[in-house]
Amino acid sequence: MTLDPLALPQTWPMPATPRPIVVLGAGGIVQDAHMPAYRKAGFPVVGVFDIDAARAAACAERWGMRAYTSLAEAVAEPGAVFDLATPPGAHLDLLRALPDGAAVLIQKPMGRTLDEATAILRLCQAKRLMAAVNFQLRFAPMVLPLRAAIAQGALGRVVDVEVHLNLVTPWALFPFLKGLDRVEIAVHSIHYLDLIRAVLGNPVGVHARTLGHPNHDLAQTRTAAILDFSPDVRCVMSINHDHDFGRRFQDAMIRFEGDKGASVMKLGLLLDYPRGEPDELWLNTGGDWVQVPLSGGWFPDAFVGRMANLQRFMAGEDATLESAVADAWHTMALVEACFRAASTPATPVPEAP
């Protein structure tokens, strides 16, 4: 199939009239991704609230916005879209505080467990919240053209998916992960599980192991998983955040292969995080490999598209709300299945007679 890589979309359309944003939470992800993205896109961010008043004040001063003195003051902002950039354990209480019918973007994961995700879904339905989860990898400049190519049939039917990470992640940047029972799949590989679902739908089952490392005190930093889709679809994840032996053999790759073509993405952000390297997208649709020139990276550009879709859906400009809570619940169900699979015994190897 002849495919023009330059014609594939890399950005999500912007809303005709961007709405004001109120950010709840002023942690590192807000400083490193949310605010740079919103500033780049021209979204009006009117204020920020954090239970740490000093942190909220510093964030507000840096980005030229208001620091609310209370949650009640923040959620009273008229016509605002609320951006919950908070740990998953805080989501339910914050959602309860929002006005009925409000629009809200919820930081992933959608709760700490599937039970919490279910409670969040039911609360959003009861309060009629227009709610989506911030699975922003779907909107990355390397992912949007890939999904468009797949939708156009350029790869044929996807029959093989592989996620391979072998790198070092600076876990010290995420102190809130210490002491959590669920880490790697719940806060990192959840992105890949959600992207796989976006392309292939829901698997029927999983096999998984997730474990820590002697050099860390986090619950898990390494994962191996197999997702079961159909007899001729192979889908695997090999995730190692502890390859701290120099850059030469580090890797961060996602491959989607069809019966007519293939793609390879390099997740450059994860290499030397948070500075990162450029992301890459390569396509082969029946000839030589072609690198798609990218106009941005996962951070911060994917956060622009994520917010744009929510605001366009509010305005009736988009027919579908990506990662709406009802859909995001299924990603949480897949996360739950991986943890359950990891806790079950492996198939015993037969002993010699």
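The values are calculated or read from the model by the stated rules, or taken from the named source; none is laboratory data. These numbers were taken from a predicted model, which means no experiment stands behind them. For neighbour counting, all protein chains shown are included, and Cβ atoms are generated from backbone atoms with ideal geometry for every residue, glycine included.
Conditions tested, residue by residue: (1) under 26 Å from Asp318 (Cβ atoms); (2) of a type in the set (D, E, K, R).
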| site | (1), (2) |
| --- | --- |
| Pro9 | yes, no |
| Arg39 | yes, yes |
| Val46 | yes, no |
| Thr69 | no, no |
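Of the residues that make up segment 191-210, is at least one in contact (Cβ under 8 Å) with a residue 12 or more places away in the chain, among the small types (Gly, Ala, Ser), in a loop (DSSP other than H, G, I, E, B) and within 20 Å of Arg112 (Cα to Cα)? Among the residues of segment 191-210, not one is in contact (Cβ under 8 Å) with a residue 12 or more places away in the chain, among the small types (Gly, Ala, Ser), in a loop (DSSP other than H, G, I, E, B) and within 20 Å of Arg112 (Cα to Cα), which makes the answer no.
Yes/no per residue for (1) within 20 Å of the chain's Cα centre (by Cα); (2) at pLDDT below 95; (3) among the aromatic types (Phe, Trp, Tyr):
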| site | (1), (2), (3) |
| --- | --- |
| Arg255 | yes, no, no |
| Ala262 | no, no, no |
| Asp279 | yes, no, no |
| Gly286 | no, yes, no |
| Ser295 | yes, yes, no |
| Asp301 | yes, no, no |
| Arg312 | yes, no, no |
| Thr344 | no, no, no |
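Checked against (1) part of a helix (DSSP H, G or I); (2) outside the structural domain of Thr223 (by TED's automatic domain parsing); (3) within 30 Å of Phe339 (Cα to Cα); (4) touching a residue at least 12 places away in the same chain (Cβ under 8 Å), Ile150 passes all but condition (2). Residues being in a helix (DSSP H, G or I), buried (at least 17 other Cβ atoms within 10 Å of the Cβ) and over 20 Å from the mean Cα position of the chain (by Cα): count how many of those fall in segment 6-43. Total meeting the criteria: 0. Looking only at segment 192-204, decide whether some residue is surrounded by fewer than 18 Cβ atoms within 10 Å (Cβ to Cβ), under 21 Å from the mean Cα position of the chain (by Cα) and more than 29 Å from Gly286 (Cα to Cα). No.
State yes or no: is Asn309 touching a Lys or Arg at 6+ places or on another chain (Cβ under 7 Å) and touching a residue at least 24 places away in the same chain (Cβ under 8 Å)?
no
When segment 213-225 is limited to residues that are in a loop (DSSP other than H, G, I, E, B) and in contact (Cβ under 8 Å) with a residue 12 or more places away in the chain, the one that is surrounded by the most Cβ atoms within 10 Å (Cβ to Cβ) turns out to be Gln220. Restricting Ala126, Ala119, Ala151, Ala132 to those that are under 25 Å from Cys235 (Cα atoms) and at pLDDT 95 or above reduces the list to Ala151.
Each residue in segment 165-186 was checked for being surrounded by fewer than 16 Cβ atoms within 10 Å (Cβ to Cβ) and not in a loop (DSSP other than H, G, I, E, B), and 4 pass.
For first residues located in segment 17-44 and without any contact (Cβ under 8 Å) to a residue 40 or more places away in the chain and assigned by TED's automatic domain parsing to the domain that holds Ala80, partners that are surrounded by fewer than 23 Cβ atoms within 10 Å (Cβ to Cβ) and assigned to a loop (DSSP other than H, G, I, E, B) and lie 6+ apart or on another chain with Cβ distances below 7 Å form the pairs Gly42/Pro18; Pro44/Pro18; Pro44/Pro20. When segment 150-163 is examined, which residues are found to be closer than 14 Å to Leu195 by Cβ and surrounded by 16 or more Cβ atoms within 10 Å (Cβ to Cβ)? Selection gives Ile150, Val158, Val161, Val163. Considering every residue within segment 116-137, establish whether at least one is more than 30 Å from Val292 (Cβ to Cβ), without any contact (Cβ under 8 Å) to a residue 60 or more places away in the chain, of a type in the set (Ser, Thr, Tyr) and surrounded by fewer than 17 Cβ atoms within 10 Å (Cβ to Cβ). Scanning segment 116-137, I find no residue that is more than 30 Å from Val292 (Cβ to Cβ), without any contact (Cβ under 8 Å) to a residue 60 or more places away in the chain, of a type in the set (Ser, Thr, Tyr) and surrounded by fewer than 17 Cβ atoms within 10 Å (Cβ to Cβ), so the answer is no. With respect to (1) farther than 30 Å from Arg157 by Cα; (2) surrounded by 15 or more Cβ atoms within 10 Å (Cβ to Cβ); (3) over 20 Å from the mean Cα position of the chain (by Cα); (4) among the aliphatic types (A, V, I, L, M), the lone exception for Val233 is condition (1). Scanning segment 190-232 for residues that are modelled with pLDDT of 95 or more and of a type in the set (Gly, Ala, Ser) gives Ala198, Gly201, Gly205, Ala208, Gly212, Ala219, Ala224, Ala225. Restricting Ala90, Ala85 to residues that are under 26 Å from Gly179 (Cα atoms) and in contact with a Gly (Cβ under 6 Å, 6 or more places away or on another chain) narrows the list to Ala85.
Note on segment 270-287: among residues that are out of contact with any Lys or Arg (no Cβ under 9 Å at 6 or more places or on another chain) and either touching a residue at least 12 places away in the same chain (Cβ under 8 Å) or closer than 18 Å to Arg138 by Cβ (or both), the one that is surrounded by the fewest Cβ atoms within 10 Å (Cβ to Cβ) is Pro274.
Is one or more of the residues making up segment 278-289 of a type in the set (Phe, Trp, Tyr), assigned by TED's automatic domain parsing to the domain that holds Pro36 and out of contact with any Pro (no Cβ under 8 Å at 6 or more places or on another chain)? Looking through segment 278-289, none of the residues is of a type in the set (Phe, Trp, Tyr), assigned by TED's automatic domain parsing to the domain that holds Pro36 and out of contact with any Pro (no Cβ under 8 Å at 6 or more places or on another chain).
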